[in-house]
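The values are calculated or read from the model by the stated rules, or taken from the named source; none is laboratory data. Because the structure is predicted, anything quoted here is derived from the model rather than measured. Counting neighbours? That spans all protein chains shown, and the Cβs are built from the backbone with ideal geometry, glycine included. Surface areas here come from the heavy atoms of the whole protein model, side chains and all, with no ligands, DNA or RNA. Shrake-Rupley method; radii C 1.70, N 1.55, O 1.52, S 1.80 Å.
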Amino acid sequence: DLLEGAKQIPKCFPKGGSNKKTLIVFTMGGNDVAKIAQLGGDASAAEVNAGYPKAWKVAKEAVAYLDEALAYLKNPKHFPKGSFVVFANPPEFTDASGNMAACTSAGLAGFKPWKKPVELEKIVTYVLEGFAKAAVDNEADMIWLLEHFCGHGWVAAGPNPDTNNGCYKPGNKLYFDETCTHPSSAGHKAIFEMFQATIAE
């Protein structure tokens, strides 16, 4: 999240950067998307009618922090011999459907149905577009993790897959574990392979 993330770069680079050519690899936004999903499910009628302002606040903060982090990591003052930054946009476990109940442990994980699930799609789309813009503006490389994970979420690849879901493909493996939002072993393998291919290129 925004506050915790602000502490991570100084921990990685306690001297404020590096005098060596540096490769920086990270993922970001998964916890923000999970928080957005939880806030939307918990939203009062007034919040729903207002357009889910709490969820939007988290989304806007996530995009702002990413842009700030990339600007720091690409700044030649911090990395005078250059820095290469590769990150991923955040996956979403409902295959763009907003169907929280598809995850078998959704209740235990704190995910409730959205009264207006189409708003979840709008918010997640905002995050994705913001991440892509930040990558372009800061000349960083972004892996399209959400797009690759679409079809591997609980709705399209869970125990009872929705074959009408726009992401559905027969035989796709589930890339999320019982927490609903974190990658399974197959998901971790897919993430590794995507980063490896991008860095090798």
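Descriptive notes on the structure:
- Residues (loosely packed, with under 14 Cβ neighbours inside 10 Å and either of a type in the set (Gly, Ala, Ser) or within 20 Å of Glu129 (Cβ to Cβ) (or both)) located in the range 18-45: Ser44, Ala45
- Hits in the range 84-117 (condition: free of Cβ contacts under 8 Å to residues at least 24 places away in the same chain and closer than 14 Å to Asp177 by Cα): Leu108
- One residue stands out in the range 140-150 among those that are open to solvent by less than 80 Å² (accessible area, probe 1.4 Å) and closer than 17 Å to His188 by Cβ: the one that is modelled with the lowest pLDDT, namely Leu146.
- Entry remark, the range 151-181: residues being modelled with pLDDT of 95 or more, closer than 22 Å to Met28 by Cα, open to solvent by 30 Å² or more (accessible area, probe 1.4 Å) and not charged (D, E, K, R) number 2 in total.
- Condition met for Leu120 (farther than 25 Å from Ala45 by Cα and in contact (Cβ under 8 Å) with a residue 12 or more places away in the chain): no
- Within the range 46-59, tally of residues that are touching a residue at least 24 places away in the same chain (Cβ under 8 Å) and either open to solvent by 30 Å² or more (accessible area, probe 1.4 Å) or not in a helix (DSSP H, G or I) (or both): 3
- Residue, farthest from Glu68 (Cα to Cα), within the range 95-139, restricted to residues that are open to solvent by less than 70 Å² (accessible area, probe 1.4 Å), of a type in the set (Ser, Thr, Tyr) and at pLDDT 90 or above: Ser105
- Screening Val48 against (1) touching a Phe, Trp or Tyr at 6+ places or on another chain (Cβ under 9 Å); (2) among the β-branched types (Val, Ile, Thr); (3) under 25 Å from Leu145 (Cβ atoms) leaves a single unmet condition, (3).
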